[in-house]
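Below is one structure, written out as structure tokens, with a few remarks after it.
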Amino acid sequence: MESFLQGDVCQDLREISVVNLIVSIVIVIGMLISYLPQHVRIISRGTSEGISPYFVLLGTTSATSAFANILLLPKSRQDIACCKEIETFHCVAGLLGIAQLGVQWICFTFIFVLFLVFFRYNAADDPDSEAALVEEQPRWQTALLVASLTLLHGLAVIVVTGILSTIAHDKLAIWANVLGVMAALLAAVQYIPQIWTTYHLKHIGSLSIPMMCMQTPGGFVFAGSLFARLGWAGWSSWGIFVLTATMQGLLLSMAIYYEIQARNESKDHTPGRSTSHPEHYANNQEQLQATMDRQDSDAAAETTPLLK
């Protein structure tokens, strides 16, 4: 009887919906493309300034929980098991829903890595930094805490999953729902620290507006794709992205407002010698260097005795 039911499940994978297949492929490619602007912006600016460490922590742990959740759902485990019986093409097509969450996890984990690599550990030692702005920057202890908690969370998910797979296989579905609820809760509050940080700084820093412009509507499309595959039973998977897209839309609105405001102000004020934080006006390393060179030139040409 079990073999017969397994055969029915695998037969469903052989009956590929062209529309769902195309949508799933577009989502995977679109997800990869949508994260690239954020990766490039952090690397090009050479700093993760403006990105909340708690946003990175919550986002990475939420993505880890979501990926583990969909891997452990009974439907996903059945689909993976069917790959032993069906053709490679049908297997890949049937697992695209899992691949979508896997890509999302990889891309956000890379943001976590870039945040740590380009974190300014010695901002407080910068003699040109204003004290108020230095206090706004997260300390290196915070970055270390974020890294430790993220790694511990990933390790805990792996250990618990391994134990249940070995001695309590029938409990995996419950653990999957626990991970889904955890991912949903983390996603629900993921953007709150980032919204606060952006509001407090009044500029977007290393946040990428193009990324959010693609991901906000894409989040709702992605949720719809997962709903079509998993139905109401998969609420713990697709519900994450409904919450995330809504919160990200709010952050995007704030980011666009501050960016327009900053551009309007830059027309009336070009950062000169007195600007202690020219990085707030630069979108990349080249613009920052040009601003600093102009400041040095202005200082060299200064003839006022007191300032000289």
Using a 1.4 angstrom probe and counting only protein chains, how large is the accessible area of Leu32 in Å², to 10? 90 Å²
Using the Karplus equation 6.51 cos²θ - 1.76 cosθ + 1.60 (θ = phi - 60°), what ³J(HN,Hα) coupling, rounded to whole Hz, does each residue of segment 143-157 give in order, writing x for Gly and Pro? 4, 5, 5, 4, 4, 5, 5, 5, 5, 5, 4, x, 5, 5, 4
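Summarise the accessible area of segment 28-104 (1.4 Å probe, protein heavy atoms) by the percent that is carbon and sulfur.
Taking all protein chains in place, segment 28-104 shows 74 percent carbon and sulfur surface.
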Accessible surface, segment 20-98, averaged per residue in Å² (probe 1.4 Å): 39 Å²
Could you check the spin-label model distance between Thr142 and Ala168? Points 7 Å from the Cα along Cα→Cβ, value in nm. 3.7 nm
Excluding ligands and nucleic acids, what accessible area in Å² is computed for Tyr199 using a 1.4 Å probe, to the nearest 10? 110 Å²
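Leaving out ligands and nucleic acids, and using a 1.4 Å probe, what accessible area per residue does segment 155-211 come to in Å²?
48 Å²
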Put Phe222, Phe89 in order of accessible area, largest first, probe 1.4 Å, and you get Phe89, Phe222
Point-to-point label distance, Ala262-His39, nm (Cα→Cβ direction, 7 Å offset): 2.3 nm
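The values are calculated or read from the model by the stated rules, or taken from the named source; none is laboratory data. Keep in mind that this is a model prediction, so the values were computed, not measured. Every residue, glycine among them, receives a Cβ derived from its backbone with ideal geometry; neighbour counts consider all protein chains shown. When the accessible area is computed, the model is the full protein with side chains, heavy atoms only, and any ligands, DNA or RNA have been set aside. Shrake-Rupley method; radii C 1.70, N 1.55, O 1.52, S 1.80 Å.
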